[in-house]
1. Of all residues being within 20 Å of the chain's Cα centre (by Cα) and of a type in the set (Phe, Trp, Tyr) in segment 163-198, which is farthest from Tyr106 (Cα to Cα)? Just the residue, please.
2. Right, Lys24: exposed (fewer than 12 other Cβ atoms within 10 Å of the Cβ), at pLDDT below 95, over 16 Å from the mean Cα position of the chain (by Cα) and under 29 Å from Asp318 (Cβ atoms) or not?
3. Given (1) surrounded by fewer than 14 Cβ atoms within 10 Å (Cβ to Cβ); (2) part of a helix (DSSP H, G or I), where does Phe193 come up short, assuming only one miss?
4. Sort out for me the strands (runs of 3 or more DSSP E) sitting completely within segment 100-179 that have 3 or more residues that are closer than 27 Å to Ile242 by Cα and either out of contact with any strand residue (DSSP E or B) (no Cβ under 9 Å at 6 or more places or on another chain) or not small (Gly, Ala, Ser) (or both).
5. Hey, any hits in segment 221-228 for a residue that's crowded, with 19+ Cβ neighbours inside 10 Å and either more than 23 Å from Glu194 (Cβ to Cβ) or modelled with pLDDT of 95 or more (or both)?
6. Is it the case that some residue within segment 101-120 is surrounded by fewer than 20 Cβ atoms within 10 Å (Cβ to Cβ) and in contact with a Leu (Cβ under 8 Å, 6 or more places away or on another chain)?
7. Would you please name the residue that is surrounded by the fewest Cβ atoms within 10 Å (Cβ to Cβ), looking only at residues in segment 156-189 that are over 21 Å from Asp225 (Cβ atoms) and touching an Asp or Glu at 6+ places or on another chain (Cβ under 6 Å)?
Amino acid sequence: MRSIIIFNLMIILINTITIFSQTKDYLFEGEKHFKNIKMLTNDGENAEAYFSFDGKKLVYQATFDSMECDQIFTMNIDGTDRQLVSTGKGRTTCSYYYPDGKKILYASTHLSDPKCPPPPDRSKGYVWKLYETFDIFLKDGSELKQLTDTPGYDAEATISPKGDKIVFTSLRNGDPEIYTMNLDGSGQTRLTFEKGYDGGPFFSPDGSKIVFRASRPATDEEMADYADLVENGYVRPTALEIFVMDSDGKNMKQITHLGKASFAPFFHPGGKKIIFSSNYQGDNPRDFNLFMINIDGTGLERITFNPSFDGFPMFSPDGKYFVFGSNRFNKKETDTNIFIAEWVE
């Protein structure tokens, strides 16, 4: 009985600490860069929400209700008027608005099979599956145009703020590398050639640089593990760092050296800093928070203090708003929701 009482007192203490570490409006203590934060979705798995060029809309991927895998949706920045824009078939990922605010870019497997592809093989540990049936599409009203058709994974596409280029990740040459192409899919050009996964690229505000996440296996054991996984379309994301390069692939530089899973980088509107998600602090590999760092690798600052997951950050084009995905204050443990806040510099 005494052990039960002590256990219950510990639970009360933990809950009390948690309550006092949270402030109103979905914030945690220390999150000084957010103001007037709002939850835009309230159920299911919602992620990778990105602003339209005029900052009035968001496009994102979601799975909820009876859906078996992600589809692409749009909504207003206040969470209203949710609309399905993908076909409802296959699996989709990584959507982005075109500059005109009407056309949408995203990756999908629906041409290969209208059913969801099988989930990753977890016997290999925690891995990401780079489905070889992913291709990149342009949604223009009722028309859907295929932009990539090479064998292997094509996805993770975003568009330069200059409105002239698409950057994306492809496995077409046997290693996940970063490529660019024109807005109509022409002129596909490879930018990276290092052994390791290169992905999740975004342009800087002036379009002159690209930030991305990458793995760089160093030992023979790491190289063998990486080669085996990639051959079967997998990547182990437990050791990713943030890199920056010029928009033509030159002057590549590693920005972080944290030794954990750092991903989802995005440029600060000033172009001199990068915000990203990482689990490098703490012992729980699922505890991801947002951090910001200068493009020269100095000045690392923690932005969020959520004990679960924060990721997929993006600033609005005018820098006034900030959107991200989070497990904070969710109804179910598996829920991930989209939040928007005013950014406090």
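1. Applying the filter and picking the extreme gives Tyr197.
2. yes
3. Status for Phe193: all satisfied but (2).
4. So the answer is 104-108, 135-140, 154-159, 165-170.
5. Scanning segment 221-228 turns up at least one residue that is crowded, with 19+ Cβ neighbours inside 10 Å and either more than 23 Å from Glu194 (Cβ to Cβ) or modelled with pLDDT of 95 or more (or both).
6. Within segment 101-120 (the criterion being surrounded by fewer than 20 Cβ atoms within 10 Å (Cβ to Cβ) and in contact with a Leu (Cβ under 8 Å, 6 or more places away or on another chain)), the answer is yes, since at least one residue qualifies.
7. The selected residue is Ile178.
Results for (1) within 17 Å of Leu40 (Cβ to Cβ); (2) at pLDDT below 95; (3) among the acidic types (Asp, Glu); (4) more than 15 Å from the chain's Cα centre (by Cα), shown as yes or no for each residue.
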| residue | (1), (2), (3), (4) |
| --- | --- |
| Ser262 | no, no, no, no |
| Phe266 | no, no, no, no |
| Gly270 | no, no, no, yes |
| Pro285 | no, yes, no, yes |
| Glu301 | no, no, yes, yes |
| Phe309 | yes, no, no, no |
| Ser316 | yes, no, no, yes |
| Phe322 | yes, no, no, no |
| Glu333 | no, yes, yes, yes |
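The values are calculated or read from the model by the stated rules, or taken from the named source; none is laboratory data. Worth saying up front: this structure is predicted, and the values here are computed from it rather than measured. Cβ atoms come from the backbone with ideal geometry, glycine included; neighbour counts cover every protein chain shown.
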